[in-house]
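> This is the structure, below, for whatever I ask next.
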Amino acid sequence: MRKGGNKMSNLDCIFRPRSIAVIGASSRRQTIGREILHNMIDYEFNGKIFPVNPRAGVIHSIKAYSTVLDVPDAVDLAIVAVPKEHVPLVAEQCGEKGVKGMVVISAGFKEVGGKGVELEKRLVKIIKKYGIRLVGPNCFGVVNTEPDVRLNATFGKARPKPGNISFISQSGALGEAIFNFAELLNLGFSMFASIGNRADISANDLLEYWAEDELTRIILMYIENFGNPTNFTQIARKLTRTKPIVAVKSGRTSQGARAASSHTGALAGADVGVDALFSQCGVMRTTSIEELYDVAMMLSNQPVPKGNRVAIVTNAGGPGILATDALIGHGLKLPPLSAKIKNDLKAFLPPEVSLNNPLDLVAGARGREFTLALDAVGKDKAYDTIVPIFVQPITVNELDVAQSIIDAKAKTDKPFLVSFMGVGFRSEGIEKLSQNGIPVYIFPEAIAKALKTVDGYRQYLQRKKGKFPTFKVDQQAVKNIIEKSRQAGHEAIISEDALDILKAYGIPAAEYAFAESAKEAIAVANEVGYPVVMKLNTPRILHKTEAKAVRVDIRSDKELRSHFNDLKKQIGPTPKGEKFSVAIQKMVSGGIETVIGMNYDPAFGPLIMLGLGGIYVEVMKDVAFRITPLSDERADEMIRSLKSFPLLSGFRGADAVDLNVLKEALLRLSQLISDFDEFSEIDLNPFIVSGDKRECKAVDARFILK
């Protein structure tokens, strides 16, 4: 089903082999070698199978061979299930035989550390020498349900059902659970790969391969870490335009290995980069395998909804209310029924029915009432998704209701997401709906969560790709500041130098003046005009507010002298070679404090952050992260994704801030980060925004050097 000439067609040796050697095959039950061979035969593999075991002449009624070199025919793929110490020798023999692909089930390699790391390096060296493509080691196996192939090279008990889903799993242990759960939900697979240690073939390789597979419509992923996030971004961004990708990424709660020295760094936990990456690639993220399958059920046979408007048709008020709360809570909309629909419904519904959305048909509703109600809302352009909810009373046949839903769905291209409650997980009604391609959920809350996830994907598909503007800047000025700081042995660039970096890249910043005595400070304050802010000027203290090294709203010479002397006494003696000094700045009043920043993530590179500023950035944590470089559309999206966005756009009659200044500041910072790889963390905190463009500026900034 794939077209020839594709650059990744060498993975056909893994998923479309004509002949397979099972090295480590066994006749002993409950051994991996026996179960893999049995599954291949039982699944009716359309090719030649050669058991390899030096201690057996016949296995599973098939002639066995001592080594792969003894097999008389050509071998495309070797499935290897031998003790780890024998794997390098087996790989060498496969290379000599001309085997094109290997799936190494054996464990005990990089995942165990120590000698396992060296063993895996030996294995990789061998396969590279012979040009062999490798899945694993330490994996569950591979599957291809294509009728012309019928490959089940796993050691699980489940029998994968054919379908349109391809699944990547980094966890071999999850393999059996993945298949069993899919069977319960009546979901089928096109292909499956447990990639284990990813010594050769990675998730990125599989995404490129499956992009051209006509039987794969949806791709599911369970991943624990990224090998190459940059490549993943490029591949996924293109692929998700035509094939949805849904992923579970474990490790949400792990923390960064080093202590962060900026507000941005403190907020950029290990999982922030994953969310930013998936958001910018259109990958749908779920928090569990169960949620993964909830989304997969929705997408495997239903179209992506055209909008976020939902109609609920139910025969029970309680579940209807639960569904309403869940849908609204996830940001979806339930428009009221139109006058026309109400008039149409009055003709066949009893008078006690309340004609609202959700539409409660009451407990006595049978298939006929469901059909007419679903037909009515299905035709209405006010709704994008229809959610029928059925709770079975003893007087109503669930098969009749299931058929009514099937008949109504046949008349519209809108997705139907059904909740059948109280009928059993594998009831006749659920089976009938599933066989007709209609996803069924036990509880409506699962529908709401899945629909929210898919609605995010819809918005991704509908939004513009954006442009990457380039501004005229002064790179040399920034180079000079970085070099000066390096030579001085400073780990941070602060105060005047930090603001000069911003000015070099056209990011508006408030002016500073410096003073080493109270007399100088008073002179500066009189020049700029009260009220002023006074800050300690030293790279030793990055969080000056926390160190009580900032004095605000100073309104007279007397106040200024008092604060200066108090601050000098508080700080105490300065280190050798450093003079006590303060920065005096005109106090910016009005506007809204935001924070703009960057944190360098070892896996994902620079992450740009935007959030509510001042001390509230770490308290409220209303922040948005994106991976650089940043396009104009993504910058705008960052701003609008904040929960505090209403404060910026004008709340309860307040003036809206100049969002264009904020957007341009993000884009200019993105350009700065792209031009200079020397920064590990950046903070513009606060960055004041207001309705007056002239008052929009960074009040303070710091750059942490790598």
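Bear in mind these aren't lab numbers, they're just calculated from the coordinates by the rules spelled out. No experiment lies behind these values; they were computed from the predicted model shown. Neighbour counts are summed over all protein chains in view; Cβ atoms, including those assigned to glycine, are modelled from backbone coordinates with ideal geometry.
> So between Lys115 and Asp70, what do we pick up on full extension, going 0.36 nm a residue minus the alpha carbon distance?
13.1 nm
> Quote the charge dipole size of the stretch 303-462 about the Cα centre in Debye, to the nearest 20; the model charges only the Cβ of Lys and Arg (+1) and of Asp and Glu (-1).
With only Lys, Arg, Asp and Glu charged at Cβ, the dipole is about 500 debye.
> With axes computed from alpha carbons, what is the tilt in degrees of helix 272-281 against the longest principal axis of the chain, rounded to the nearest 10 within 0 to 90?
Orientation of helix 272-281: about 70 degrees from the principal axis.
> Here's another thing I want to ask about it. Only Cα pairs under 8 Å and at least 6 apart count here; give the relative contact order of the chain as a rounded whole percent.
It comes to 9 percent, rounded to a whole number.
> Next question, about the same structure. So which lysines pass the test for Lys621, namely a Cα distance under 18 Å, with those fewer than 8 places away in the same chain ruled out?
Reachable lysines: Lys643.
> Using only alpha carbon pairs under 8 Å that are at least six residues apart, calculate the relative contact order of the stretch 303-462 and give it in whole percent.
Normalised by residue count, the contact order of the stretch 303-462 is 30 percent.
> Need one number: nm distance between label points at Arg640 and Asp400, each 7 Å from Cα along Cα→Cβ, rounded to one decimal.
That separation, rounded to one decimal, is 4.8 nm.
> Also, quick follow-up: Rounded, prolate or oblate: which one fits the stretch 9-216, using the alpha carbon gyration tensor with axes a ≥ b ≥ c (rounded when a/c is under 1.5, else prolate when a/b beats b/c, else oblate)?
It comes out rounded by the Cα gyration axes.
> Could you give the nm distance between label points at Glu496 and Arg426, where each point is 7 Å from its Cα heading toward the beta carbon?
Label at Glu496, label at Arg426, 7.8 nm between them.
> Of Ser680, Met598, Leu662, which is farthest along the charge dipole of the stretch 592-705 in the positive direction, counting Lys and Arg as +1 and Asp and Glu as -1 at C-beta?
Result: Leu662, furthest along the dipole toward the positive end.
> Can you tell me the 0 to 90 degree angle between the C-alpha axis of helix 289-301 and the longest principal axis of the chain, rounded to 10?
For 289-301 against the chain, the angle is about 70 degrees.
> At a 10 angstrom cut-off on C-beta neighbours, averaged per residue, how do the peptides 517-526, 647-656 rank from highest to lowest?
Descending packing order for the listed peptides: 517-526, 647-656.
> Using R₀ = 25 Å, calculate the FRET efficiency as 1/(1 + (r/R₀)^6) where r is the Cβ-Cβ separation of Glu214 and Asp413; round to 0.05.
So, using R0 = 25 Å, E works out to roughly 0.70.
> What does the helix-only formula give at 222 nm for the chain: each DSSP H stretch with n ≥ 4 adding -39500 (n - 2.57), the total divided by the residues, and the result rounded to the nearest 500 deg cm²/dmol?
Taking each H run of at least 4 residues, the total per residue is -11000 deg cm²/dmol.
> Quick check on my link table: of Lys579/Lys706; Lys249/Lys333; Lys48/Lys125; Lys548/Lys576, which ones sit more than 24 Å apart, alpha carbon to alpha carbon?
The answer is Lys579/Lys706; Lys249/Lys333; Lys48/Lys125.
> How would you classify the chain from its alpha-carbon gyration tensor, with a ≥ b ≥ c the square roots of the eigenvalues: rounded for a/c under 1.5, else prolate if a/b is greater than b/c, otherwise oblate?
Oblate.
> OK, next. What's the magnitude of the charge dipole for the stretch 9-216 around its Cα centre, counting Lys and Arg as +1 and Asp and Glu as -1 at the beta-carbon? Answer in Debye, nearest 20.
720
> How far, in degrees from 0 to 90, does helix 659-675 lean away from the longest principal axis of the Cα atoms of the chain, to the nearest 10?
Tilt relative to the chain: about 80 degrees.
> Once you charge only the Cβ atoms, +1 for Lys and Arg and -1 for Asp and Glu, what is the size of the charge dipole of the stretch 560-700 about its Cα centre, to the nearest 20 debye?
Here the stretch 560-700 has a charge dipole of around 640 debye.
> Right, next: How far apart, in nanometres, would the label points at Arg150 and Asn10 be if each is projected 7 angstrom from Cα along the Cα-to-Cβ direction?
So the two model labels end up 3.1 nm from each other.
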